[in-house]
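Enquirer: Below you will find the structure I want to go over with you.
The values are calculated or read from the model by the stated rules, or taken from the named source; none is laboratory data. From a predicted model like this one, the values you see are computed outputs, not experimental measurements. FYI the Cβ positions are ideal-geometry reconstructions off the backbone, even for glycines, and counts take in every protein chain you see. What goes into the accessible areas is simple: the full protein's heavy atoms, side chains included, and nothing from ligands, DNA or RNA. Shrake-Rupley method; radii C 1.70, N 1.55, O 1.52, S 1.80 Å.
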Amino acid sequence: DPEALYWLARTQLKLGLVNPALENGKTLVARTPRYLGGYMVLSEAYVALYRQAEDRERGKGYLEQALSVLKDAERVNPRYAPLHLQRGLVYALLGERDKAEASLKQALALEDTPEIRSALAELYLSMGRLDEALANCDRVIALKPDFAEAHYNRGNALKDLKRLDEALASFDRAIALKPDYAEAYSNRGNALKDLKRPDEALASFDRAIALKPDYAD
């Protein structure tokens, strides 16, 4: 049953069991080459291997393998939006931002979802295109008000635009939706620091460290 094997592989990825997930993804693609889920979980397994790699430059070979898997998937169904979303995320990890933007826009043209717009917002943040990042965050929140990552990214865009009080409100909303959001606590601390509220900033940083002790920022 390809569905059972697919969900087993996805569960293994969630548990950090990347090699078994990789093998199950390969089995899925070999046994049921028309089943898109196999390609998707296999590409995600390669991305997970990249994230685990101590040498990120050498680990980029895993990202190239992920792109190769997605190219095979495109032959099955070129109009599958999650495929182009995944490709955009891989290109972003490779630092190929123009290709990442093109892939994410292709995904968006096929299906306007909060996940795709959130990925676009993160990409625009990394490119310093703050107004476009903010517009996509606002669209995500309109589609899905409880999407914590969208409020977090909105806070980051507002912080970089020096709209600090609004940024703080967005970080607070992200934390209300996701209480263990260490990154939101950290960037909330940065906003508070810029607002000259050091005691509150320290408390926010302390909370981020408590949630994620190895969080270098």
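Enquirer: Are there any pairs with C-beta distances below 7 angstrom linking a residue in region 114-134 that is part of a helix (DSSP H, G or I) to a residue that is open to solvent by 10 Å² or more (accessible area, probe 1.4 Å) and small (Gly, Ala, Ser), with the two at least 6 apart or on different chains, and if so which?
Expert: Leu123/Ala92
Enquirer: Among the residues that make up region 41-54, is at least one of them in contact with a Leu (Cβ under 6 Å, 6 or more places away or on another chain), of a type in the set (Phe, Trp, Tyr) and either in a helix (DSSP H, G or I) or open to solvent by 60 Å² or more (accessible area, probe 1.4 Å) (or both)?
Expert: Yes - at least one qualifying residue is present in region 41-54.
Enquirer: In addition: Give region 21-39 a look and list any residue that's surrounded by 15 or more Cβ atoms within 10 Å (Cβ to Cβ), part of a helix (DSSP H, G or I) and not charged (D, E, K, R), or say none.
Expert: Hits for region 21-39 are Ala21, Leu22, Asn24, Gly25, Thr27, Leu28, Val29, Leu36, Gly37, Gly38, Tyr39.
Enquirer: If you don't mind, there's one more thing I want to ask. Would you check if there is a residue in region 143-163 being in contact with a His (Cβ under 7 Å, 6 or more places away or on another chain), more than 24 Å from Leu94 (Cα to Cα), surrounded by 16 or more Cβ atoms within 10 Å (Cβ to Cβ) and not acidic (Asp, Glu)?
Expert: No.
Here is a yes/no grid of residues against (1) over 14 Å from the mean Cα position of the chain (by Cα); (2) of a type outside the set (Phe, Trp, Tyr); (3) farther than 29 Å from Glu23 by Cβ:
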site: Leu70; (1), (2), (3): yes, yes, no
site: Glu74; (1), (2), (3): yes, yes, no
site: Pro78; (1), (2), (3): yes, yes, no
site: His84; (1), (2), (3): no, yes, no
site: Gly88; (1), (2), (3): no, yes, no
site: Arg97; (1), (2), (3): yes, yes, yes
site: Leu104; (1), (2), (3): no, yes, yes
site: Glu111; (1), (2), (3): yes, yes, yes
site: Asp131; (1), (2), (3): yes, yes, yes
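Enquirer: Here is a further query. Which residues, taken from region 55-86, are basic (Lys, Arg), outside any loop (DSSP other than H, G, I, E, B) and over 17 Å from Arg97 (Cα atoms)?
Expert: Arg56, Arg58, Lys71, Arg75
Enquirer: Within region 86-101, is there a residue that is among the β-branched types (Val, Ile, Thr), under 24 Å from Ser118 (Cβ atoms), open to solvent by 60 Å² or more (accessible area, probe 1.4 Å) and at pLDDT 95 or above?
Expert: No, there is no match, as no residue in region 86-101 is among the β-branched types (Val, Ile, Thr), under 24 Å from Ser118 (Cβ atoms), open to solvent by 60 Å² or more (accessible area, probe 1.4 Å) and at pLDDT 95 or above.
Enquirer: Mind checking which pairs have a first residue in region 48-64 that is aromatic (Phe, Trp, Tyr) and a second that is loosely packed, with under 13 Cβ neighbours inside 10 Å and modelled with pLDDT under 90, Cβ under 8 Å, 6 or more apart or different chains?
Expert: Tyr50/Arg56
Enquirer: Here is a follow-up. Could you check, for region 197-213, whether at least one of its residues is open to solvent by less than 70 Å² (accessible area, probe 1.4 Å), under 22 Å from the mean Cα position of the chain (by Cα) and aliphatic (A, V, I, L, M)?
Expert: Yes; the residues of region 197-213 include at least one that is open to solvent by less than 70 Å² (accessible area, probe 1.4 Å), under 22 Å from the mean Cα position of the chain (by Cα) and aliphatic (A, V, I, L, M).
Enquirer: Also, quick follow-up: Please enumerate the residues belonging to region 117-129 that are open to solvent by 20 Å² or more (accessible area, probe 1.4 Å) and within 16 Å of the chain's Cα centre (by Cα).
Expert: The answer is Arg117, Glu122, Leu125, Ser126, Met127.
Enquirer: Name the residues in region 135-157 that are among the basic types (Lys, Arg) and either in a helix (DSSP H, G or I) or out of contact with any helix residue (DSSP H, G or I) (no Cβ under 7 Å at 6 or more places or on another chain) (or both), would you?
Expert: Listed by number, the residues that qualify are Arg139, Arg154.
Enquirer: Residues to consider are Ala9, Ala66; find the one that is under 29 Å from Tyr124 (Cβ atoms) and under 22 Å from the mean Cα position of the chain (by Cα).
Expert: Criteria check complete, one pass: Ala66.
Enquirer: Also, quick follow-up: What's the number of the only condition in (1) without any contact (Cβ under 8 Å) to a residue 24 or more places away in the chain; (2) more than 30 Å from Val90 (Cβ to Cβ); (3) of a type in the set (Gly, Ala, Ser) that Ala191 fails to meet?
Expert: (1)
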